[in-house]
Each structure stands twice: as C-alpha cells, then as structure tokens.
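K.L.:
Mind looking over this structure? Questions follow.
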Amino acid sequence: MFRKVQVALVSPLVLAWLAFLYHLSSTPDRRPHQPPPSAIETSKQPESSTNAEFAAHVEQLKKKLPSADFTILIQPPFVIIGDEPAEAVKQHSENTVKWAVDKLKQDFFSQDPRDILDIWLFKDAASYQKNALLLFGEKPTTPYGYYSSAHKALIMNISTGGGTLVHEIVHPFIEANFPACPPWLNEGLGSLYEQTGEVNGHIHGFTNWRLPGLQAAIKANTLPSFKHLTSLDASGFYDDAKGTHYAQARYLCYYLQQRGLLINFYREFLAHQKEDPTGYQTLQKILGHVDMNAFQQKWEKYVLALRQGYEVSVTP
Ligand SMILES: [Zn+2]
C-alpha cells in the first residue's frame, strides 16, 4: 500500500521516492522472541540445498497438509505453503519472499540458512490459530506471525500484511551469517525491514508504527544509552514489555541507513566481532563519535523530528 506522502526535500531524496517501487504494509511483531540458537557451523557447508532435497522435503510436507487447499512452492532457501488461492501464494512467494531474500543477500548475507525452512502463510486468523496448533502443537502468542527456529518454520497470518514476514526472514539469515550477532542488531535489522521498499535498487526501511512509542520514551527520558542497549543479551533485550528496545535498535539502524552507513557498519561489525562482540566500538568508529552521549542527544533530536510516512534527510 503506497501511502500519500508529502516530499519537500533535496533532490536525491525526491529521486529516491521516485525509485520507490515496492512497499509492504506494516505489521507489528510482538511475539516473544526466542534467543538465537548457539553458533551454527557455516564454513564449508554446501552452497544450498539441492533440487532433490527440496523435492523430498515437499513430498514430506504433502503428507502433513491440513487440507487440500494448500499450495506448495519452492522458493530457495524456503518452501512456501499457503491456503490462499494459488495465485496469491505465488505473489507472496515472488513479490515478498524472493524480493526480500534477493535484496537482503545483495547487501548483507552471503550464506543461505543451512536447512530448508518452511514459510506457512495462513490466509486468516482462524486458519493461523487452528493450524499452528495442529501442526506445531502451539498456540501463537502474536496475531501476526513468528519464526520458530525449533520447527524450522516461519508461521504467518498473512492477512495482516507482508511486513512481519520480511522481519522474520531476516532472523534465519542472521543465524546463518552472523550467529553471534547480538539481539539489538538482529532485531534492529528485522524491525527496520518490516516497513520496507526498494530505493535505488536496494532494500530500504521506512518510518513505521514503532516511532510514536520511541518518541514518547525519548520525551520521558527513559531510553538506555547505546552502550547499554548494545550490551544487552537475549534475556535483557527481550525483557521489553513496551517494545522500546526494538524501537531504539530499529531507529539506530534507520539513522545509519539514512546516512549511508548501515551496510558498512554491518560488514565492519561482522569482521571485528571477536574484538567487539556488542558492536559498540564499531558503531563509534563508523559514526566518527568519540563522545557517544553527544551522539545520542543528536540522534534523539533527529528521531523526535521524524514522522511516519515521511523520509527525512540527515545530510551532515
Ligand atoms: Zn524479530
């Protein structure tokens, strides 16, 4: 859905908006997240699963389909199973999954997830609730969708939009490419791309529903420092009833994106993760800020000026 936007900005941004080709709807992801699994051996693994492995996987899936209404499509590294009309499942497969995978790999990820992962696209809340219980023995705790590392599956209520789907696609790619990635960046990137489109041929996150809560937290002076946020382990990060850790991480990634620094940051952090496991030092380096308190003040002011549906320039 393309929202009406008012753009009165410098020309590169106007061009960016003209290049805007694709826009997914925003859907909140409030599932209780599982911490990422322990390190995955990624060296010397096969490039990807073979056609024969995909075919065998599909045969196994056919045996457990809840009804005859499901369409199964192979979209490496995923298999997509949906009970919308076949044409709709195909559109999600090509316009959302393939697009997101291609664009994420272009900028961030060299390795596919090690295992074939299933993406279940249930057509509505009733199908999602019923079939998650039937297939996985669990009642979803979010109305939108979630990634289950244990079931090697993304389980989605696709009627809520494609935003959560792109968010969740980020997680298995992080597992495969950066197993020691701290939660702030795993969720910051996932959240960034839950409101996403294509600008100048690259995946691009837009402002979204997480903004008002973050602005309220800034005004209430309740945000942690970036040093604290980046140091949080899974239990600390996900203990976040108001979602401000997610929002702070998202809009740090958004800021880096708008400054053209996000991809470099990710690559530098990946390369220096042993010396800098939280990414804080790499962040300082990329930002050119020794005084991170001063940076946070600047960033908070920037976030307070953002509005949903508007693109804002941060040219230094
Ligand atoms: Zn997530």
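Quick grid of which residues meet (1) touching a helix residue (DSSP H, G or I) at 6+ places or on another chain (Cβ under 7 Å); (2) more than 25 Å from Val101 (Cα to Cα):
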position: Trp184; (1), (2): yes, no
position: Asn208; (1), (2): no, no
position: Lys242; (1), (2): yes, yes
position: Tyr246; (1), (2): yes, no
position: Gln258; (1), (2): no, no
position: Gln284; (1), (2): yes, yes
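K.L.:
Moving to a separate point now. So which residues in segment 135-168 are of a type in the set (A, V, I, L, M, F, W, C) and either within 21 Å of Phe70 (Cα to Cα) or surrounded by 24 or more Cβ atoms within 10 Å (Cβ to Cβ) (or both), if there are any at all?
P.N.:
Leu135, Phe136, Ala153, Leu154, Ile155, Met156, Ile158, Leu165, Val166
K.L.:
Same structure again: So in segment 299-314, with the set limited to residues that are modelled with pLDDT under 90 and not acidic (Asp, Glu), which one is farthest from Phe206 (Cα to Cα)?
P.N.:
Looking at the filtered set, the residue picked out is Val314.
K.L.:
Let me ask something else. Do we have Thr164 as hydroxyl-bearing (Ser, Thr, Tyr) and either closer than 30 Å to Lys90 by Cβ or modelled with pLDDT under 95 (or both) here?
P.N.:
The answer is yes for Thr164.
K.L.:
In segment 184-202, how many are within 9 Å of the ligand (Cβ to nearest atom), buried (at least 24 other Cβ atoms within 10 Å of the Cβ), within 13 Å of Phe237 (Cβ to Cβ) and not small (Gly, Ala, Ser)?
P.N.:
Of the residues in that region, 1 qualify.
K.L.:
OK, next. When both residues are 6+ apart or on different chains and their Cβ atoms are under 7 Å apart, which pairs have a first residue that lies in segment 241-269 and is modelled with pLDDT of 95 or more, and a second that is within 16 Å of the ligand (Cβ to nearest atom) and polar (S, T, N, Q)?
P.N.:
Every condition considered, the pairs that remain are Tyr246/Ser191; Ala249/Ser191; Arg250/Ser191.
K.L.:
Can you list the strands (runs of 3 or more DSSP E) lying wholly within segment 89-178 that have 1 or more residues being touching a His at 6+ places or on another chain (Cβ under 9 Å), within 16 Å of the ligand (Cβ to nearest atom) and β-branched (Val, Ile, Thr)?
P.N.:
117-122
K.L.:
I'd like to verify a number: residues in segment 185-206 that are polar (S, T, N, Q), more than 9 Å from the chain's Cα centre (by Cα) and under 14 Å from Gln248 (Cβ atoms), how many?
P.N.:
Number satisfying all stated conditions: 0.
The values are calculated or read from the model by the stated rules, or taken from the named source; none is laboratory data. Please read all numbers here as calculations on a predicted model, not as lab measurements. With ideal geometry, Cβ positions are generated from the backbone for all residues, glycine too; neighbour counts draw on all protein chains shown.
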